[in-house]
Amino acid sequence: MPHGLMIVNAFLRLPKFDELYQIVSEAAKECGMTLSVQTNAELSPMVDSAEFDASAYDFVLFWDKDVALATQLAQRGLPVFNSAESILRCDDKAMTYLTLKQAGIPMPRTILAPKTYPAFGYTDLAFVDAAAATLGFPLVLKECFGSFGMQVYLFDTLEPLREKVRTLAGTPMLFQTMVKESRGRDVRVNVVGERVVASILRTSTSGDFRSNLSLGGTMQTYVPSTAETELALAAVRALGLTFAGVDVLFGKDGPLICEVNSNAHFKTTLACTGVNMAVELFREIAQQLEART
């Protein structure tokens, strides 16, 4: 019976996180596996010592973004799902964009903000003016690290954009074209291995340009088109993921990738579709472990 180690964040202990971890643990049992759960704070002090017995586990389900710890676990010889490299490519929106662009996968037109440091800030905002002139308004500004639709801002004019960039100086960020055809709606495509296992259409009910359910959006089951399915699978392959939640936008000339989530919170998808992504994931892990033997 395979025995896995699930890593969760020690400091994100909101009820919705704990409920998700419970769903994952129950899915492991359903698939004939046992699963130990530890936080990154518990494991970090011992992962490189004899106190941590890597041979006690057959795999790691890494439900966090602590990529240094994921790397340490891989260095101890454990298969880690998802890998540290793939988590980093998703967690950093600039890296997501660069990876998908290199693979020829369409996204909204994007300009990366130049790097500065908090102690110095931006002494010249000409690059903001240039980005706005290139992309036009409305324009989306995204912090490169953020979840649940947070740290994403919409601007219709230049001066508020300039002021926001000024206040965020030192924070990695990027500018994107606002996809007007998809304003307030997108598709969350849940992928495991080489399969789309469930999809939902998310729609804002408040007039917000973001469709995230955590911001008050609604959801309904959705059957993605062939183009949407192929795009989501291509994005997952390019990023090196075993499982992901892929956010797809409705572009004027076809679907576009908005973001890819390496440890997507699928509780809402389960409630909407009845498909338990965790069960599908453990079946995929079992197949990959068998292929390694």
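The values are calculated or read from the model by the stated rules, or taken from the named source; none is laboratory data. These numbers were taken from a predicted model, which means no experiment stands behind them. Cβ sites come from the backbone with ideal geometry, for glycine too, and all protein chains shown count toward neighbours.
Here is a list: Glu30, Glu19. Which entry is modelled with pLDDT of 95 or more, more than 18 Å from Ser262 (Cα to Cα) and more than 17 Å from the chain's Cα centre (by Cα)? The unique qualifying residue is Glu30.
Within the option set Gly274, Gly245, being free of Cβ contacts under 8 Å to residues at least 40 places away in the same chain, under 14 Å from Ile200 (Cα atoms) and of a type in the set (Gly, Ala, Ser) holds for one residue only, Gly274. Taking segment 63-79 as the range and being among the β-branched types (Val, Ile, Thr) and either within 14 Å of Gly4 (Cβ to Cβ) or out of contact with any strand residue (DSSP E or B) (no Cβ under 9 Å at 6 or more places or on another chain) (or both) as the test, only Val67 passes.
Scanning segment 30-57 for residues that are of a type in the set (D, E, K, R) and assigned to a loop (DSSP other than H, G, I, E, B) yields Asp48, Glu51, Asp53.
The condition of being of a type outside the set (Gly, Ala, Ser), assigned by TED's automatic domain parsing to the domain that holds Gly274 and over 17 Å from Phe243 (Cβ atoms) does not hold for Leu69.
Under the condition of being surrounded by fewer than 21 Cβ atoms within 10 Å (Cβ to Cβ) and in contact with a helix residue (DSSP H, G or I) (Cβ under 9 Å, 6 or more places away or on another chain), which residue from segment 177-196 is nearest to Leu135 (Cα to Cα)? Across segment 177-196, the extreme among qualifying residues is Thr177. Taken across segment 150-160, residues that are surrounded by fewer than 18 Cβ atoms within 10 Å (Cβ to Cβ) and within 15 Å of the chain's Cα centre (by Cα) do occur, with at least one present.
Pairs under 6 Å by beta carbon, first residue more than 30 Å from Thr123 (Cα to Cα) and aromatic (Phe, Trp, Tyr) in segment 165-188, partner surrounded by 17 or more Cβ atoms within 10 Å (Cβ to Cβ) and at pLDDT 95 or above, six or more apart or different chains? The qualifying pairs do not exist here. Can you find even one residue in segment 238-245 that is at pLDDT 95 or above, surrounded by fewer than 20 Cβ atoms within 10 Å (Cβ to Cβ), under 20 Å from Gly104 (Cα atoms) and of a type in the set (Gly, Ala, Ser)? Yes, segment 238-245 contains a residue that is at pLDDT 95 or above, surrounded by fewer than 20 Cβ atoms within 10 Å (Cβ to Cβ), under 20 Å from Gly104 (Cα atoms) and of a type in the set (Gly, Ala, Ser). Of the strands (runs of 3 or more DSSP E) lying entirely inside segment 134-198, those carrying at least 2 residues that are of a type in the set (Lys, Arg) are 185-192.
Just need a number here: residues in segment 93-112 that are closer than 19 Å to Glu143 by Cα and outside any helix (DSSP H, G or I). Give the derivation first.
Initially, segment 93-112 is screened for residues closer than 19 Å to Glu143 by Cα, giving 93-101, 107-112.
From what is left, the residues that are outside any helix (DSSP H, G or I) are 107-112.
So the count comes out to 6.
Considering the conditions (1) touching a residue at least 60 places away in the same chain (Cβ under 8 Å); (2) assigned to a loop (DSSP other than H, G, I, E, B); (3) not small (Gly, Ala, Ser), Tyr117 is excluded by exactly one of them, (1).
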